[in-house]
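The values are calculated or read from the model by the stated rules, or taken from the named source; none is laboratory data. What you see is a predicted model; the values in this text were computed from it and never measured. All Cβ positions, even for glycine, are placed from backbone atoms using ideal geometry, and neighbour counts span all protein chains on display.
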Amino acid sequence: VDQPEIALVGVNGWGGVHLDTIARLRAAGTARLVAVCEPAPLPADTRAAIGDVPVYPTLDDLLAAHRPSVTVLVTPIHTHAGLAAAALRAGSDVLLEKPPVTGLDEHAALLALAEETGRAVQVGFQNLGSPAVAALAELAADGTLGAVRGVGAAGRWVRDRRYYRRSRWAGRRRLDGVAVVDGSLTNPFAHSVQTALAAAGAAHGPLRTVEVELFRANDIEADDTGCVRVTPAAGPPVVVATTLCASREHEPWVAVFGEAGTARLDYRFDRVTVTTPDGTREHEYDRTDLLANLIAHRADPAAVPLLSPLAATAAFTQVLQAIRDAPDPTPIPPEHWTEVGAGDDAHRVLAGIDDAAARAATDLMLYSELGLPWT
Ligand SMILES: NC(=O)c1ccc[n+]([C@@H]2O[C@H](COP(=O)([O-])OP(=O)(O)OC[C@H]3O[C@@H](n4cnc5c(N)ncnc54)[C@H](O)[C@@H]3O)[C@@H](O)[C@H]2O)c1
């Protein structure tokens with residue numbers, strides 16, 4: 001049995017989740033952690049979970065000592081392109097966290113390098129591991145919902161000051177002269193954007209138009225509230241409306257709106273709810289882990305396609321580039337938001353945004369078209 005050697009890069013944040021996944025694959029006998037790269041000190045529990053596996057301060061140091069079959073990159077967004085290129089050049093396949101890169105040039109360069117080296121790049125949109133997304137796309141295409149008006153997604157979460165303080169790059173559009181493009185649409189709700197594009201059958205691009213509106217209630221550089229409307233070259237329009245200034249956490253959804261019904265995907269649970277004049281039915285799908293899928297793909301590329309390949313993030317990256325190129329977010333005047341809690345728990349709540357984001361996603365409108373006082 002092929003037991004690929006895995007290197008994990010960036011372990012103190014979301015990388016901890018990947019560490020657990022690798023441990024599960026190890027227990028199942030399908031993969032083995034051989035090296036970790038992490039420049040920062042390791043908390044005791046992470047240290048314990050890593051065990052005897054060597055830890056390197058840079059990926060170059062790691063690659064000088066190991067030839068991993070798969071490199072899992074869970075580092076700040078602006079480091080993705082460079083680290084992924086180094087891993088590919090070392091002959092490794094890559095599982096790259098989302099958003100994959102910070103622009104279209106970087107995307108084209110990485111795709112070309114993957115082609116040249118013959119290596120695979122899987123992008124960490126974990127819910128694409130579920131057939132729920134394809135089921136939604138099929139419902140958009142097969143007439144079940146009648147003529148399709150469009151695909152809408154609403155992302156409404158609460159993020160406190162601790163979230164923006166966790167890392168230097170959090171809430172930044174640029175850092176030390178390089179693009180970061182962190183923000184509600186491109187990072188926490190990147191899954192909403194990618195899933196909505198996939199549901200519209202548009203993930204491979206190109207998109208004909210991309211309209212972007214960015215706002216912020218917090219004292220950050222990036223959007224904490226934003227919306228985007230895209231027109232694919234073929235297929236229905238897509239609107240994604242987001243905020244990190246909601247009054248409470250809502251389950252993010254992506255929905256296909258047709259003249260004869262609606263299909264909604266709660267993508268964190270791979271649950272599709274179809275509502276037509278005949279009634280409502282619900283179906284929950286399984287999910288394949290993206291690292292397990294990449295390992296299976298290595299063993300038999302023809303039989304096992306990647307579930308979230310880099311090529312299928314072309315339209316997503318076109319949206320990200322439009323956000324990168326857009327003017328900096330419009331600050332929302334204090335009369336429209338309130339600050340709840342204190343210290344690191346403090347978070348700002350934008351009046352009416354819970355309803356507004358759902359309305360934008362349902363009516364396929366931008367925030368500026370809803371008559372909201374802060375636009
Ligand atoms: N798929 C998901 O649902 C999901 C969820 C959270 C985060 N993410 C993604 O994971 C990535 C990391 O996010 P995070 O919130 O964990 O960030 P973080 O800043 O909290 O952690 C990043 C880790 O990478 C390390 N690091 C920084 N530069 C490095 C380098 N050059 N080489 C090696 N290690 C380096 C840091 O020390 C830190 O331990 C981002 O792309 C983010 O969007 C994905």
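Would you say THR242 is surrounded by fewer than 22 Cβ atoms within 10 Å (Cβ to Cβ) and either closer than 28 Å to ALA346 by Cα or in contact with a Ser or Thr (Cβ under 7 Å, 6 or more places away or on another chain) (or both)?
no
What are the residues in segment 4-58 that are assigned to a helix (DSSP H, G or I), more than 9 Å from the ligand (Cβ to nearest atom) and of a type in the set (A, V, I, L, M, F, W, C), if any?
Those that are assigned to a helix (DSSP H, G or I), more than 9 Å from the ligand (Cβ to nearest atom) and of a type in the set (A, V, I, L, M, F, W, C): LEU19, ILE22, ALA23, LEU25, ALA27, ALA44, ALA48, ALA49, ILE50.
Take the residues in segment 313-330 that are of a type in the set (Gly, Ala, Ser) and under 24 Å from ALA120 (Cβ atoms), then tell me which one is surrounded by the most Cβ atoms within 10 Å (Cβ to Cβ).
ALA315
Regarding ASP105, is this residue acidic (Asp, Glu) and closer than 30 Å to ALA153 by Cβ?
Yes.
Can you tell me which of (1) farther than 22 Å from PRO334 by Cβ; (2) within 16 Å of the ligand (Cβ to nearest atom); (3) of a type outside the set (Val, Ile, Thr) is the one ASP223 doesn't meet?
Condition not satisfied by ASP223: (1).
Looking at this structure, is ASP270 crowded, with 18+ Cβ neighbours inside 10 Å and under 30 Å from ARG348 (Cβ atoms)? If you could, list the steps in order and put the result at the bottom.
Values: crowded, with 18+ Cβ neighbours inside 10 Å: yes; under 30 Å from ARG348 (Cβ atoms): no.
Spelling it out, it is not the case that ASP270 is crowded, with 18+ Cβ neighbours inside 10 Å and under 30 Å from ARG348 (Cβ atoms).
Only one of (1) farther than 23 Å from THR288 by Cβ; (2) under 22 Å from the mean Cα position of the chain (by Cα) fails for LEU42. Which number is that?
(2)
Please verify whether segment 316-324 includes one or more residues that are modelled with pLDDT of 95 or more, more than 22 Å from the chain's Cα centre (by Cα), in a helix (DSSP H, G or I) and small (Gly, Ala, Ser).
no
Could you tell me whether segment 331-338 includes any residue that is closer than 30 Å to PRO373 by Cα and free of Cβ contacts under 8 Å to residues at least 12 places away in the same chain?
yes
Quick check on this structure: which one of ALA190, ALA140 is out of contact with any Gly (no Cβ under 8 Å at 6 or more places or on another chain) and within 23 Å of ALA360 (Cβ to Cβ)?
When all the criteria are applied, what remains is ALA190.
Can we say ARG174 is more than 11 Å from the ligand (Cβ to nearest atom), basic (Lys, Arg) and within 20 Å of ARG348 (Cα to Cα)?
No, not satisfied.
In segment 64-86, which residues are within 21 Å of LEU25 (Cα to Cα), aliphatic (A, V, I, L, M) and either within 14 Å of the ligand (Cβ to nearest atom) or free of Cβ contacts under 8 Å to residues at least 24 places away in the same chain (or both)?
VAL72, LEU73, VAL74
Considering only residues that are in contact with a strand residue (DSSP E or B) (Cβ under 9 Å, 6 or more places away or on another chain) and more than 19 Å from ALA135 (Cα to Cα), look in segment 294-312 and name the one that is surrounded by the most Cβ atoms within 10 Å (Cβ to Cβ).
LEU294
For a quick check of your reading of the model, give me the residue pairs whose first member lies in segment 288-300 and is modelled with pLDDT of 95 or more, whose second is assigned to a helix (DSSP H, G or I) and surrounded by fewer than 16 Cβ atoms within 10 Å (Cβ to Cβ), with beta-carbon atoms closer than 9 Å and at least 6 apart or on different chains.
ASP289/ARG24; ALA292/ARG24
Given (1) without any contact (Cβ under 8 Å) to a residue 40 or more places away in the chain; (2) touching a helix residue (DSSP H, G or I) at 6+ places or on another chain (Cβ under 6 Å), identify the lone condition not met by GLU115.
Of the numbered conditions (1) without any contact (Cβ under 8 Å) to a residue 40 or more places away in the chain; (2) touching a helix residue (DSSP H, G or I) at 6+ places or on another chain (Cβ under 6 Å), the odd one out for GLU115 is (2).
If I ask for residues that are within 20 Å of GLU97 (Cα to Cα) and either small (Gly, Ala, Ser) or touching a helix residue (DSSP H, G or I) at 6+ places or on another chain (Cβ under 7 Å) (or both), which ones from segment 23-41 would you list?
Once the filter is applied, which keeps residues that are within 20 Å of GLU97 (Cα to Cα) and either small (Gly, Ala, Ser) or touching a helix residue (DSSP H, G or I) at 6+ places or on another chain (Cβ under 7 Å) (or both), segment 23-41 yields ALA23, LEU25, ALA31, ARG32, LEU33, ALA35, VAL36, CYS37, ALA40.
Restricting attention to segment 145-172, which residues are in a loop (DSSP other than H, G, I, E, B) and in contact with a helix residue (DSSP H, G or I) (Cβ under 7 Å, 6 or more places away or on another chain)?
Hits for segment 145-172 are LEU145, ASP160, TRP169, ALA170, GLY171.
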